[in-house]
1. Using the beta-carbon distance between B:A223 and B:L150 and R0 = 35 Å, what value does 1/(1 + (r/R0)^6) give for FRET efficiency, to the nearest 0.05?
2. Determine the sum of side-chain charges near B:A71: Lys and Arg each +1, Asp and Glu each -1, restricted to other residues whose C-beta is under 15 angstrom from that of B:A71.
3. List every residue whose amide H lies under 5 Å from the amide H of A:L202, counting only residues 5 or more places away in sequence or on a different chain, with H placed 1.01 Å from N in the peptide plane.
4. Using the Cβ atoms and a cut-off under 15 Å, what net charge is assigned to the surroundings of A:Y340, where Lys and Arg are +1 and Asp and Glu are -1?
5. Please get the size of the charge dipole for region A:275-498, origin at its Cα centre, with Cβ charges of +1 on Lys and Arg and -1 on Asp and Glu, quoted in debye to the nearest 20.
6. As I understand it, the dipole of the protein assembly as shown uses +1 on the Cβ of Lys and Arg and -1 on the Cβ of Asp and Glu, about the Cα centre. Which of A:I486, A:T279, B:G251 lies farthest toward its positive end?
7. Assuming a ≥ b ≥ c are the square roots of the Cα gyration tensor eigenvalues, decide whether region B:17-120 counts as rounded (a/c under 1.5), prolate (otherwise, with a/b larger than b/c) or oblate.
8. Loop-only GluC sites (Glu not before Pro) in region A:337-431, please: DSSP not H, G, I, E or B, and at most 12 other Cβ atoms within 10 Å.
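What follows draws every value from the coordinates through simple rules; no lab data is involved. Everything numeric here is computed off the predicted structure, so don't read it as measured data. As a convention, Cβ positions derive from the backbone with ideal geometry for all residues, glycine included, and neighbour counts pool all protein chains shown.
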Amino acid sequence: MKFSRWLIVVAAAFLAVACSPPGPEAPSDTVVIGALSDIASWNPYLAEDAFDEEILSLIYPSLAVEQVDYQQHPPSFAPSLAESWEWSNDHLALTFHLRTDAVWSDGVPVTAADLLFSWRAQTSEALGWLWSDITDNIDTVEALDAHTIRYTFTHRYPYQLMDVNDGPIVPAHAWADIPFEKWEETDWRELVLSAGPFVPGLHTPQQEIVLERNPRYFVADRPRVSRLVFRIVPSKTGLFNQLLAGGIDLVNDIPPAEAARVLDNPDLELAVFPDRSFTHICWNLDKGVFADPRVRRALGMAIDRETLIDAVYGGFGRPSIGPVLSTMWAFNRDLNPLPYDPAGAIELLAESGWEDHDGDGILDRDGQPLAFEVLAPSESEVRKDVCLLLERDLARIGVRATPRLMEWGAVQAAVAEGNFDAFVNRWIEPTQVDLEGIWHSTPPGAPTFNFGHYSNPEVDRLFEEVAAASDFESQKPLLDRIQTLIVADQPYTFLVENTRLVGVNSRIHGTKINDATIFFNVDEWEITEQPESTSLPE
Amino acid sequence: MKRIVFRRMLALVPLVWLVATLTFVVVHAAPGSYADTIDNPRLSPETRELIRARYGLDRPPLEQYLSWLGAVATGDLGTSFMYKQPVSAVLARALPPTLLLAGAALFFDLVLGLILAVAAARRPYGWVDRITTVLSLGLYGVPSFWLAGLLILVFSLLLGWFPASHMHSVDAASLSALPRLVDLLRHLFLPALCLGLVGAAGTARYLRATLIDVRSSRFMLAARARGIPESRLLWVHALRPALLPVVTILGLSLPILVSGSVVIETIFSWPGMGQVAYNAARARDIPLILGATLIGTAAVILGNLAADVLYAVVDPRARRPS
């Protein structure tokens, strides 16, 4: 056959493929969710990544469901696998009554034996569960009967129920024969049993994870959608494009700069809610220039947060005040944000000896210019933009702040080694308020989140009192005082309390997405038919 | 020839070892570790230390290296930190999609490159030649991520002809063989075209120059004097000898065939070697990085060897003793 004929054949084949139907019929009861990475393990005791935990929470049951009412008071819990629970008079024993209708996906009932086995996994040294510290204050676990189990604690503290509830529940009858030391090398995909709303379906590595509706789920007529399909797209831009094109129904964490495109799209809705995170500048207090709290305060006063929120966050965000989010029950409501006051900042810097003695436009002291680097991860467009605005704002008061952008792994290493001046970071705040990990002074060389090496003996002492407090009410005044001290010291410049943006296709109804999880009420999601949509999301 | 092949195969082992060792040194010199890259706000610094210990990252680098080398000598590439599976299984899973994508890309590369080159060489420095020169130089200079974005915009978002990512549609597993094949081809088209277009530009430039050289040779003058039509002269008489450099290009393409294109596979969510290598590098998954490097290095060496062998097969002059 001549070459030109080959070409005609190839062109015809191309046209045939292009004109072929775009794929199988659209499954109208499937929700396609965008994911940046694949699942690594189907065993919750081997999961390391937050995404794995989120998927596995749809498969393995939990005793109770943490509610999102932590704005006003510590989070409450709603019954789930446990239909009720009660405390002993001394608040040291917690007894759960399990549902009698809960079964694993193979039909075997979920009983107290599963919780006892899960407890053994949590405390097994051979397994070395990464979060075994939640069991530190639990003394004994005993099954009173097949559906009643009692946890006894070493002492009373505010997060007893939360600690018990955070331990995943796995099937004893299916897994107990596998020694814990063999768990890491076991292929768990075929061993998964679910007692949650979904069971694992087809898993195509690096492509998609399918979760099918669990017909044996203990809540009648739930979940309402037949399947969740997690489509793996390894870039945020790709995820967003797929959302716009209709290939994906739900994308978590839409960049603020793209919010307008979602709002302009009639097929999409934008869920907007306060995120449990804040962006800040961590000053390295080991560097002489930042040892003076007046310098730190002055630098914070020179930053125009309102403009920052408008320009970088598209108006989605609130000025951050201190180490506890203003949306949390533990926030000290007597605190006020640092004012934007460049003139005041210049005065404060002059008080501490920083003036432009040589007339070069940069403040100096003892011949040293007030110049430093601001470290940020190059992968984060938002934090890169924050760096640029910081550079501009600080230049206005005669301070040279040079952005130093590095890949995230390199940033982590630099920060851990103390090899930085200032670091634009974002903390996600758990509902179990734990300020000690970030603000307690640490000996040199110890692993810590206190990257800037902040140290205040009164704060350290207050943490000991917090640890000894038996309930939330006695903790609150101590936490208030800690926040007051930290805000006065300004080891961080608290910039922005972030807002979470989630793009959802408007065919999905009933989602109550919140900052705890996008799957908060996943078993209540519903899909409305769209007659015009005949093709499958690609 | 057999001796040359045997000697080159012997050289493969120390070369692969050298490259893998250098990679090991570079990976360890890079800041951060797997434990630092895990995305989980619940991980405390102490827990990250536990993870380091779990994967042996707290051991001295020399000890880690010797233990890795010992395992590789017995054919064990280790276990991937991030996938929790043997490295060989992860790579074996990623290789077929990469071979498929690169094979299709090579097809576009050769076919389009050939068309552009012949069109240009038909009348050197004529308007067709000038246009194809600008076109091929333009394609050669365009970054592949930009070209990928353009193709997605036009063929996927605007025209809706081809999907923008993945190997299959949702629910493709429920299809019978032929529709599933068509579904695969539709997903394959854009990434293969993107890779192929950039390659075609290079192929066209090489081939055009050789074609013009060959056309002015004496055997072509003789053929023309015999009254052979111009199109046959070009497609049959000139093209065959002019294709020799393409054999070299083919051999050099083998590494990409095997190791995948990081950029294209990531943009199009194609589950091949490139994406695996990208994820491994980002996650500091040392066993996987080293495993992918071993395969890539072996592919480069074997690709060069294959090019030399092919060259000798198609051109008898290369087999003559000097």
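1. On the way: r = 42 Å, r/R0 = 1.20.
Given R0 = 35 Å and the Cβ-Cβ separation, E is 0.25.
2. Values: positive: B:R59; negative: A:E185, B:E63, B:D76.
Net charge around B:A71: -2.
3. It is A:V210, by chain and number.
4. Working: positive: A:R297, A:R305, A:R318, A:R392, A:R396; negative: A:D304, A:E306, A:D310, A:D341, A:E347, A:D393.
Here the count lands on -1.
5. Numbers: 19 positive and 37 negative charges, 58 e Å.
So the magnitude is around 280 debye.
6. B:G251
7. Numbers: a/c = 2.64, a/b = 2.11, b/c = 1.25.
Since a/c reaches 1.5 and a/b is larger than b/c, the shape of region B:17-120 is classed as prolate.
8. On the way: sites: A:E347, A:E351, A:E355, A:E373, A:E379, A:E381, A:E391, A:E407, A:E417; in loops: A:E379, A:E407, A:E417.
Of the GluC sites (Glu not before Pro), the ones in loops of region A:337-431 whose Cβ has at most 12 other Cβ atoms within 10 Å are A:E417.
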